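Before any comments, here is the structure.
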């Protein structure tokens with residue numbers, strides 16, 4: 001099964017090919033931290049900032065567990081690909097970090113997750 005995780009910014013619209021959407025706009029926003037604003041969710045200072053929040057860690061864990069539950073069911077129904085969208089306001093910080101972490105956990109669990117950051121450079 002081909003698994004694609006797309007980070008995106010809601011202000012640019014949702015990815016129309018997504019099978020599942022996760023909204024992470026409730027997580028702490030690095031955009032409002034001056035030294036993090038111009039970085040992305042792939043930069044270590046942003047990752048560190050987000051991972052210090054127990055809400056971020058729990059959200060990633062819960063999303064990963066939900067996907068680990070759902071993916072075998074999609075496979076059983078003959079679905080050969082699943083696209084998961086992870087969105088925040090601008091698609092530069094929170095959604096990028098969460099998408100990367102989800103892919104890492106799913107890959108460690110034996111899935112082949114590919115990550116795409118649609119709006120990270122906007």
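The values are calculated or read from the model by the stated rules, or taken from the named source; none is laboratory data. Since we're looking at a predicted model, the values are computed, not measured. So basically every Cβ, Gly included, is an ideal-geometry build from the backbone, and we count neighbours across all protein chains shown.
Yes/no per residue for (1) farther than 19 Å from residue 113 by Cα; (2) without any contact (Cβ under 8 Å) to a residue 40 or more places away in the chain:
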{"position": "2", "(1), (2)": "no, no"}
{"position": "19", "(1), (2)": "no, no"}
{"position": "40", "(1), (2)": "yes, no"}
{"position": "55", "(1), (2)": "yes, yes"}
{"position": "82", "(1), (2)": "no, no"}
{"position": "86", "(1), (2)": "no, no"}
{"position": "89", "(1), (2)": "yes, no"}
Practice prompt. Please give the number of the condition residue 106 fails out of (1) crowded, with 20+ Cβ neighbours inside 10 Å; (2) closer than 21 Å to residue 29 by Cβ.
Written response: (2)
Discussion item. For region 22-32: of the residues being touching a helix residue (DSSP H, G or I) at 6+ places or on another chain (Cβ under 6 Å) and part of a loop (DSSP other than H, G, I, E, B), which is nearest to residue 98 (Cα to Cα)?
Written reply: 24
Discussion item. Can you go through 118, 94 and tell me which one is modelled with pLDDT of 95 or more and either more than 19 Å from residue 7 (Cβ to Cβ) or in contact with a helix residue (DSSP H, G or I) (Cβ under 7 Å, 6 or more places away or on another chain) (or both)?
Written reply: 94
Worksheet item: Quick one: in region 22-38, which of the residues that are crowded, with 19+ Cβ neighbours inside 10 Å and more than 9 Å from residue 94 (Cβ to Cβ) is farthest from the chain's Cα centre (by Cα)?
Response: 36
Worksheet item: Which helices (runs of 4 or more DSSP H) sit wholly inside region 33-122 and have at least 3 residues that are within 19 Å of residue 13 (Cα to Cα)?
Response: 94-108
Discussion item. Considering only residues that are within 14 Å of the chain's Cα centre (by Cα) and loosely packed, with under 12 Cβ neighbours inside 10 Å, which ones fall in region 39-58?
Written reply: 58
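For region 7-21: of the residues being in a strand (DSSP E or B) and under 9 Å from residue 87 (Cβ atoms), which is nearest to the chain's Cα centre (by Cα)? I'd like the intermediate steps shown before the answer.
In the first step, residues of region 7-21 are kept if they are in a strand (DSSP E or B); the result is 7-9, 20-21.
Of the ones still in play, those that are also under 9 Å from residue 87 (Cβ atoms) are 7-9, 21.
Numbers: 7: 5, 8: 8, 9: 11, 21: 9 Å.
The qualifying residue nearest to the chain's Cα centre (by Cα) is 7.
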